[in-house]
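The structure appears below as structure tokens.
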């Protein structure tokens, strides 16, 4: 009880001392801390004269930027809702193009002033940038905070930290969302009928329906089934989009599915990181007051770490993933390129291999366990995650939310993770000799 009282006292004192959100206070210091992410590294190289980005008249610095950061063109998805920094230049005929890899998201707008970028810092989470598209002057990458955090900092949308989000809206014929009809934050748990409003979607998905490819009239309770039929199973956007303006002609459904999962889990990793660091800091302060060894975490700190790591585990293991009701097939090289990146175990299995018949991935554990963000989690978080992950996969932990993992899933994941993530799994018991 005494530790709990002290924890509440410290929390109250911290809140009273500043109107800033927790991520702007020690030990996070989000806005004041120099980022260490892929775009920050690229920015340093440009400013030091070590790199010259080439531009062209059609897309400015886009192609050079994607190439430097190894972001595949096949990851292109197209958003025609006016939900971005440069909304005045976005129309259904001229959507915003998004490209991504495991760490960086890039938005390009036709004749836009800047590239819109978010990148993942292992300790800070989402970092936002713009890159000038004035090709008559050297490229300038600028970190953005206030402008972007007006939308990208929300308890409902980004888990209360600076984060990424994928949103589904009811767009009108100019791409303006009709907010009175509602919006959806979408991830791998979302029903497909609520996904991709204001986005273009290419590829095959059989009998399943979504909100993409469609303009919605201003009417209450639109017939979602009817509009879903209008936007279903499109493989050619040439009648809807000035497609020759873009790097490729697709807005691949598989890329969209990966984008939703990845953005959500990136936020969960960042929240687990920051909450663990805050818990450890407060534990250290309590231990100092109570003359307890610094290394011993308080009960309150352990509870806070477990809570956030348990949420992350659910995201990593695709808990409550919306099941596929039909086979999904993209119409770009995205899926093949994504799968080829591995890593693979000795049997050629990988967390990047798709299923796309009943669920997204063949082996239901997120590929983001290989990300710099996951690797950068604090020691207390990684130890807890490793221990509980092993117990779940070995069957020692029978929590009902993981019941969707079959015996075959668990055995395969134990093998794949041991082979491809040796540092994280080093504490797992040795495999018995056969």
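The values are calculated or read from the model by the stated rules, or taken from the named source; none is laboratory data. Note that this is a predicted model, so its numbers are computed, not measured. Quick reminder, even Gly has a Cβ in these numbers, built from the backbone with ideal geometry, and neighbours come from all protein chains shown.
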With the condition kept exactly as written, say whether any residue in segment 126-133 is at pLDDT below 95, surrounded by fewer than 22 Cβ atoms within 10 Å (Cβ to Cβ), touching a helix residue (DSSP H, G or I) at 6+ places or on another chain (Cβ under 9 Å) and not in a strand (DSSP E or B). yes
Is it the case that some residue within segment 230-253 is assigned to a helix (DSSP H, G or I) and touching a helix residue (DSSP H, G or I) at 6+ places or on another chain (Cβ under 9 Å)? no
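Just to be sure before I move on: is residue 380 farther than 27 Å from residue 70 by Cβ and modelled with pLDDT of 95 or more in the structure I sent? Break it down into steps so the answer makes sense when it comes.
Values: farther than 27 Å from residue 70 by Cβ: yes; modelled with pLDDT of 95 or more: yes.
Here the answer is yes, as residue 380 does meet what is asked.
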From the options 397, 415, 345, 409, residue that is part of a loop (DSSP other than H, G, I, E, B), under 27 Å from residue 101 (Cα atoms) and in the same structural domain as residue 323 (by TED's automatic domain parsing): 345
Going residue by residue through segment 206-213, is there one that turns out to be surrounded by fewer than 12 Cβ atoms within 10 Å (Cβ to Cβ) and out of contact with any strand residue (DSSP E or B) (no Cβ under 7 Å at 6 or more places or on another chain)? yes
Hey, among 85, 98, which residue is part of a strand (DSSP E or B), touching a residue at least 60 places away in the same chain (Cβ under 8 Å) and touching a helix residue (DSSP H, G or I) at 6+ places or on another chain (Cβ under 9 Å)? 98
Run down 301, 272 and say which single residue is closer than 22 Å to residue 29 by Cβ, assigned by TED's automatic domain parsing to the domain that holds residue 385, buried (at least 18 other Cβ atoms within 10 Å of the Cβ) and touching a helix residue (DSSP H, G or I) at 6+ places or on another chain (Cβ under 6 Å). 301
Among the residues of segment 214-239, how many are under 22 Å from residue 329 (Cα atoms), surrounded by 16 or more Cβ atoms within 10 Å (Cβ to Cβ) and in contact with a strand residue (DSSP E or B) (Cβ under 7 Å, 6 or more places away or on another chain)? 3
